There are 2 protein chains.
Amino acid sequence: MKKEQAIAIDLGGTNLRVALVTREGGIGQRIKVPSQERLDEALLGAVKELLNDGVAGIGIGVAGLLNRERTAVEVSPNIPAIEGAPLVERLRDKSGLPVYIENDANVAALGESWLGAGRDFRNFVLFTLGTGIGGGIIHDGRLMKVEAELGHMSIIANGVKCSCGNYGCLESYAAGKAILGFAVTALEHDAESVLRNFHQGNIYKLTPEDIYTAALDGDILSRDVLREAGRYLGVGLANIINICSPEAVILAGGLVGAWNIYIHEAIREASRRAFKQLFEKVKIIPSSLGDNAGIVGAACLVFRNAEAG
Amino acid sequence: MKKEQAIAIDLGGTNLRVALVTREGGIGQRIKVPSQERLDEALLGAVKELLNDGVAGIGIGVAGLLNRERTAVEVSPNIPAIEGAPLVERLRDKSGLPVYIENDANVAALGESWLGAGRDFRNFVLFTLGTGIGGGIIHDGRLMKVEAELGHMSIIANGVKCSCGNYGCLESYAAGKAILGFAVTALEHDAESVLRNFHQGNIYKLTPEDIYTAALDGDILSRDVLREAGRYLGVGLANIINICSPEAVILAGGLVGAWNIYIHEAIREASRRAFKQLFEKVKIIPSSLGDNAGIVGAACLVFRNAEAG
């Protein structure tokens, strides 16, 4: 009997989730798990709860660096419990099923390729735009098994030091933490802005959403900050367009909500920078799966690998 | 009868060449063609001279942007005669053989993958380091059909304007024209250097080779200039390591001769910037085919495509 379901584990964002997904991409029962200690026990418990005879395998998307064989996580600063092979092996032993693992942004790209905004493209690059920036590359219809750490390409060689050790990383200038940093620095230097009215005047509690809200209300500082981050994002988009000449760039993550100012500016900047012949052919579009890309992509890992093997 | 030869056309550098190559990679008869006008007639003539019953097809490596289907050159500033499909079609009509075409740096990567420094790697990135910088990416043993314009990733977002329209391109800081630019600017500002003794004191006739020669003789300006360009090259290497997590980076082109200063500095800088776990696993090595990579790779286009069907 062909097994029609996968157990998908999304360890990408702050909401860690386990779900049953059908071969058509339908998402069934979901379980949220805590991100704190005992994550491994919580995952094993959730998998046990969802396990049934129709499950073909377990797919995991996780924030971290994978080994080249894509069988284990080498480094995962946010989810140390997943480092090394123990959890993968325990899941395999407990379930008796194959377990596949990939980087969370790679899994999101796979999800968009299977059922989302990437369905119609054989070649696209996905950027996840949140606190930081991640990426995944689909080439010739298949997920490239590479780290695709797009947020850690240096776009300002002598720029600010990043937590990764590099200088001038794209995500230090173009992601959520940059947007907040630009705004807070300006506010500390007495810039005028309605942002002072948020959170009882505590500027250190501002979020990128606050800044987008204020920008849509016409707040000049907020608009400037989003445009500046957008221009830097455009530098990264142009670099990837010149390197990968994709048919599409798909933008995912919380910041995509700020499309009208931040993303518009990024596209404009990329159009000034990328090779004209390549920019004319690339579509820059939002993710269509949103938060579900990770779950759907993790299930896709199972179905594609099962077919290939 | 299995056809055992390919006609390989190398339109990459300044020496344009046509050669017979065997299925084992042996290079037979070669013909140089002029790069000036009437290139198409010269190529047709050379192909006619080499054509025999054992030829499986014609492979072309050319400096320029290809269309997505890799059937024609869209833009080739140095070799306008090759733009559009007419030359490819004429070669096909005259020879009755399949004609395959690719970007010159992509073809060099394919050559290194087949018979050169990339033989032992399923995943590597090739940089061509000359006046400018080109690239080719081998993923999972196959050439990625992308532009891989590595020289035109911006590493200094607000840097100097490049002829491509972008700002702060890697090749503006890390290739031959940058090395010359740094040196000439310093000499114009009265820097002391033995470079003044070259070319009867005409600093505008200096070449990157002159600068490397002087550097090996201990000339401080020359060493500084090569180190500076090397550091910028290291930024580009780190970016590609973080994005593509390759097993190897292969460095080709004339500047590889300056390994001991320029490339050493680039590797050192990349080691400071790339993700530690990725840098530890990547080998950074010189091309082993040198000038023949283009010819060998163009022949490989024929044999691989013929096998693929």
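We did not get these values from a lab; they are worked out from the coordinates using the rules stated. Just so it is clear, the structure is predicted and the values come from calculations on it, not from any experiment. We place every Cβ from the backbone using ideal geometry, glycine too, and count neighbours over all the protein chains shown.
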For this session: Averaging over all projection directions, find the projected area of the Cα convex hull of the stretch A:121-287 and quote it in nm² with one decimal place.
Result: 9.7
Exercise. By how many nm would the segment from B:K205 to B:D93 lengthen if fully extended, with 0.36 nm per residue of separation less the alpha-carbon distance?
Worked result: 35.9 nm
Exercise. Which of the listed residues, A:I267, A:I203, A:L187, is farthest toward the dipole's positive end in the stretch A:121-287, when Lys, Arg count +1 and Asp, Glu count -1 at the beta-carbon?
Worked result: A:I267
Exercise. Got a sec? Charge dipole of chain A, +1 on Cβ for Lys and Arg, -1 for Asp and Glu; which of A:L226, A:I241, A:A214 is way out at the positive end?
Worked result: A:I241
For this session: For the stretch A:227-289 and the stretch A:146-181, write down the distance between their C-alpha centroids in whole Å.
Result: 16
For this session: Would you mind calculating the gained length between A:S35 and A:E280 on full extension (0.36 nm times residue separation, minus the Cα-Cα distance), in nm to one decimal?
Result: 83.9 nm
Problem set entry | HN-Hα J in Hz across the stretch B:297-304 - Karplus 6.51, -1.76, 1.60, θ = phi - 60°, x for Gly and Pro | x, 5, 5, 4, 3, 5, 5, 5
Problem set entry | Global form of the protein assembly as shown, assessed from the alpha-carbon gyration tensor, a/c cut-off 1.5 | oblate
Seminar exercise, completed: Relative to chain B, whose Cα atoms define the longest principal axis, helix B:39-50 and its Cα axis are tilted in degrees, nearest 10, by 60
For this session: Report, ordered by chain and residue number, the aspartates and glutamates lying within cross-link reach of B:K2, taken as a straight Cα distance under 20 Å and ignoring same-chain residues fewer than 8 apart.
Result: B:E24, B:D53, B:E307
Exercise. GluC sites (Glu not before Pro), restricted to the stretch B:236-309: which are DSSP loop and have at most 11 other Cβ atoms within 10 Å?
Worked result: B:E280
Exercise. Tally Lys/Arg at +1 and Asp/Glu at -1 over every other residue whose Cβ is under 13 Å from the Cβ of A:K32; what's the total?
Worked result: -1
Exercise. Straight-line reach from A:K177: which aspartates and glutamates have Cα under 17 Å away, leaving out those fewer than 8 places along the same chain?
Worked result: A:E149, A:E188, A:E209, A:D210, A:D224, A:E228
For this session: DSSP loop (so not H, G, I, E, B), at most 16 other Cβ within 10 Å: list which GluC sites (Glu not before Pro) in the stretch B:28-79 pass both filters.
Result: B:E37, B:E69
Problem set entry | Principal-axis tilt of helix A:264-273 within chain A, Cα atoms, nearest 10 degrees | 80
Exercise. Placing +1 at every Lys and Arg Cβ and -1 at every Asp and Glu Cβ, with all other atoms neutral, what dipole size does the protein assembly as shown have around its Cα centre, in debye to the nearest 20?
Worked result: 920
For this session: For chain A, report the convex hull volume of the alpha-carbon atoms normalised per residue, in Å³, without decimals.
Result: 138
For this session: Straight distance only, please: which lysines reach the Cα of A:K94 with their own Cα at less than 19 Å, same-chain residues fewer than 8 apart left out?
Result: A:K3, A:K48
Seminar exercise, completed: The relative contact order of the stretch A:77-196, taking Cα pairs under 8 Å that sit 6 or more residues apart, comes to a percentage of 15
For this session: For every helix of n ≥ 4 consecutive DSSP H residues, a contribution of -39,500 (n - 2.57) applies; sum these over chain B, divide by its total residues, and give [θ] at 222 nm rounded to the nearest 500 deg cm²/dmol.
Result: -11500 deg cm²/dmol
Seminar exercise, completed: B:G118 neighbourhood, Cβ < 10 Å, K/R = +1, D/E = -1, net charge -1
For this session: Would you mind working out the magnitude of the charge dipole of the stretch B:21-127 relative to its Cα centre, with +1 at each Lys and Arg C-beta and -1 at each Asp and Glu C-beta, to the nearest 20 Debye?
Result: 200
Exercise. So for A:I220, B:I179, B:I155, A:I261, fewest C-beta neighbours within 10 Å to most, what's the order?
Worked result: A:I220, A:I261, B:I179, B:I155
Seminar exercise, completed: In debye to the nearest 20, the charge dipole size for the stretch B:101-176, taken about the Cα centre with +1 at each Lys and Arg Cβ and -1 at each Asp and Glu Cβ, equals 100
